[in-house]
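Report on one structure; see the data block that follows.
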Amino acid sequence: MKSFLDIEKNSDFPLENIPFGVYLNNGKPDICTAIGEFIINLNILENSGYFDTCSFAGAKPFSEPVLNKFMSLGKNARIEARQKIQELFSEESPLAGNNKILDEILYPLSKAEMLMPVAIGDYTDFYSSREHATNVGIMFRGKENALMPNWLHLPVAYHGRASSVVISGTKVRRPSGQIKNDDKPFPEFSKTKQLDFELEMGFFIGTGNELGNPVKTDDALEHIFGMVLVNDWSARDIQKWEYVPLGPFLSKNFATTISPWIITLEALEPFKVEGPKQDPEPMEYLKTKGNPTYDINLEVYIKSEKMQEPFLIAKSNFKYLYWNIAQQLAHHTITGCNTRTGDMMASGTISGPEKINRGSMLELTWRGTEPIKLPDGTERKFFNDGDEVIIKGFCEKEGLRIGFGEAKGLILP
């Protein structure tokens with residue numbers, strides 16, 4: 001696909017991508033897409049009649065402040081919208097010479113203030129990386145008991161806090177809480193000394209399911225609108241004390257950073273691959289044809305106050321996840337639990353077979369015993385105030401690159 005807009009070879013946003021997001025335009029939120037180095041204002045395009053031939057035109061979904069209405073229209077509307085946008089910005093489009101409308105709808109991506117693209121109703125965080133679960137299990141329970149007895153039978157998850165999901169670029173304040181040191185008889189209240197990232201991805205529900213009607217694995221992708229990058233910030237010392245018996249609470253509810261662009265499953269289709277072999281065989285309601293997933297390269301960088309450029313500390317891949325997104329949604333709803341447009345579900349930390357593939361500081365530094373050396377001469381066991389953590393994601397195959405942009409956050413005291 002070729003566009004009349006200039007698109008760099010390594011751009012995250014070629015014409016094949018067509019992500020969806022929301023940016024601040026003259027003091028108000030506008031729905032948009034990105035092509036190359038430009039934001040395209042879909043609200044203005046819609047009000048100018050460019051979507052009038054689409055089946056969803058009467059709903060005017062791009063005149064909303066968030067994507068929920070558009071997402072609720074389902075897969076066919078999403079496909080139709082993407083095709084119309086690709087047609088409008090193709091090399092042969094008459095829009096190419098229409099400077100009046102182009103001046104209204106184009107805005108430099110580098111100057112845009114991106115906003116939360118979705119009104120998130122509920123947020124669930126899974127724990128679906130076998131490598132991550134094994135690493136953490138070895139640290140806290142030993143090699144013989146690394147995986148809990150249920151882990152290979154179901155996608156473990158907990159319910160997170162939707163109100164503190166924040167957009168990339170939002171500063172993250174170091175949380176305080178109860179911390180119990182091994183050499184002290186009682187817990188103390190203080191700032192966390194073990195602030196960590198978790199390299200994750202998330203998916204958004206487009207069309208939900210009714211209460212009492214589980215989603216089958218074969219139908220799950222029909223309900224999913226698209227995916228984002230996720231940093232599930234974690235306070236490990238608070239987590240260690242609080243997590244028994246009901247799991248994490250305050251150690252994770254202070255911030256979860258997501259990337260601003262939702263990448264549709266249609267854009268990711270060329271990068272579908274087979275995931276890890278599942279043994280034992282999943283129960284009937286969790287079975288999928290193979291273990292379909294996506295080949296998405298993930299990178300984590302740190303930039304301290306003294307550094308000019310971010311420094312790569314981890315590389316992983318979405319395809320390492322043991323449980324796929326269809327299984328996650330099927331398991332979530334098997335009790336009849338309903339999901340709604342805008343619900344977000346995160347993958348859990350995505351680690352892989354090598355040390356560089358570990359998706360948290362807890363694993364990378366092995367509980368702080370193997371600090372990471374940074375180019376500025378300092379070391380990190382966990383993060384310091386003033387550190388900026390940046391997650392990037394992209395797919396590449398046969399000259400096609402589909403990117404996610406980045407999810408970043410600067411740590412404040």
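Each value in this text was obtained by applying a stated rule to the coordinates, not by laboratory testing. Predicted, not measured: the structure shown is a model, and the values here were computed from it. Cβ: placed from backbone, ideal geometry, glycine included. Neighbour counts: every protein chain shown.
A compact table of results
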| item | result |
| --- | --- |
| Charge dipole of region 21-115 about the Cα centre (unit charges at C-beta), most positive-ward option of I85, I101, L115 | L115 |
| Label-point separation, I138 to E370 (7 Å along Cα→Cβ), nm | 0.8 nm |
| Of N17, N43, N324, the one that fluctuates the most in a GNM where the chain has Cα springs shorter than 10 Å | N43 |
| Unit charges at the beta carbon, dipole of the chain: most positive-side option, Y294, I44, L229 | L229 |
| Cleavage-rule hits, chymotrypsin sites (Phe, Trp or Tyr not before Pro), region 349-391, DSSP coil, Cβ neighbours within 10 Å at most 16 | W366 |
| Whole-Å semi-axes of the ellipsoid equivalent to the chain (Cα gyration tensor, √5λ, descending) | 36, 25, 19 |
| Estimated 222 nm signal from helices in the chain, with DSSP H stretches of n ≥ 4 weighted -39500 (n - 2.57), rounded to 500 | -4500 deg cm²/dmol |
| Charge dipole magnitude, Cβ of K and R +1, D and E -1 - the chain, Cα centre, debye nearest 20 | 980 debye |
| Residues in region 301-335 that a label on L211 would reach, taking backbone N under 17 Å of a point 7 Å out along Cα→Cβ | 333-335 |
| Neighbour-limited loop hits for trypsin sites (Lys or Arg not before Pro), region 7-108 (at most 13 other Cβ within 10 Å; DSSP other than H, G, I, E, B) | K9 |
| Debye log10 I(q)/I(0) at q = 0.15 Å⁻¹ for region 281-413, Cα point scatterers | -0.88 |
| Förster radius 25 Å - calculated FRET efficiency between N150 and D219, Cβ distance, rounded to 0.05 | 0.50 |
| Pairwise FRET efficiency - H159 versus N76, Cβ, R0 = 35 Å, nearest 0.05 | 0.70 |
| Two-site label geometry, E87 and K2: point separation in nm, points 7 Å out along Cα→Cβ | 2.1 nm |
| Estimated Rh, region 21-115: Kirkwood, alpha-carbon pairs, angstrom | 13.6 Å |
